[in-house]
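Inspection log for the structure reproduced underneath, given as structure tokens.
The values are calculated or read from the model by the stated rules, or taken from the named source; none is laboratory data. Just so we're clear, the structure is a prediction, and the values are computed from it rather than from any experiment. All Cβ positions, even for glycine, are placed from backbone atoms using ideal geometry, and neighbour counts span all protein chains on display. Please note that ligands, DNA and RNA were not included when accessible areas were found on the heavy atoms of the full protein model with its side chains. Shrake-Rupley method; radii C 1.70, N 1.55, O 1.52, S 1.80 Å.
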Amino acid sequence: MSNEFPAPTTPVAVREIAHLQAAEIDDLCEVLIACVDDGASLGFHPPLSHDIARAWWSRLPRPGVTLLVAEADGRIGGTVQLHAAESANGAHRVEVVKLLVHPTWRRRGIASELMNAAEDIARLQGKRLIVLDTREGDPSNLLYASVGYTEGGRIPDWAKDAAGELSATVFWYKQLM
């Protein structure tokens, strides 16, 4: 990994962002590109250009989307989003989208911190159910199980990687009380 994105040396703080500044977008682009390059299934294929990553982040946050970031040492090294259901019969639920931690920031509990913060915000928003999906076999499945999510099912051939290989997705959920 690049020395330009060192591991954090101070405690990581999680916060919600209502409007992204240019430097924040730059950090989020680095995180997204590094995660895609590391093999994460995020809807993009490597190599992901900075321009495509910037265009994607520039659309966030927006109504119905809550954006959280994990930061330390003046850098953002992790993020997660909550997407509110758009239908009236889904007003009680929210979807976790793009849980990302830069590879140099991993194995420090940051993903768990982001998930806990997302759950707290979901509760404050009056949500009772959180759902998400992730590629079968990815380490993220272990994370979701470890923070109390229940596997809801699998769908084969859900996503195609850059080599054309199809992989299943695993759906997870957690009921909030």
Every residue from region 1-32 that is under 15 Å from Leu99 (Cα atoms), open to solvent by 60 Å² or more (accessible area, probe 1.4 Å) and assigned to a helix (DSSP H, G or I): Glu30
Pair list, Cβ < 7 Å and 6+ apart or interchain, from region 96-112 residues that are within 10 Å of Thr79 (Cβ to Cβ) to residues that are modelled with pLDDT under 95: His102/Phe5
Is there a residue being over 24 Å from Trp56 (Cβ atoms), touching a strand residue (DSSP E or B) at 6+ places or on another chain (Cβ under 6 Å) and part of a loop (DSSP other than H, G, I, E, B) anywhere in region 100-120? no
Give region 33-88 a look and list any residue that's assigned to a helix (DSSP H, G or I) and open to solvent by less than 50 Å² (accessible area, probe 1.4 Å), or say none. Ile33, Ala34, Cys35, Val36, Ala53, Trp56, Trp57
Counting only residues in region 128-177 that are part of a loop (DSSP other than H, G, I, E, B), closer than 18 Å to Ala118 by Cβ and out of contact with any helix residue (DSSP H, G or I) (no Cβ under 8 Å at 6 or more places or on another chain), the one least open to solvent (accessible area, probe 1.4 Å) is identified as Tyr149
Answer yes or no as to whether Arg123 is assigned to a helix (DSSP H, G or I) and over 19 Å from Phe44 (Cβ atoms). yes
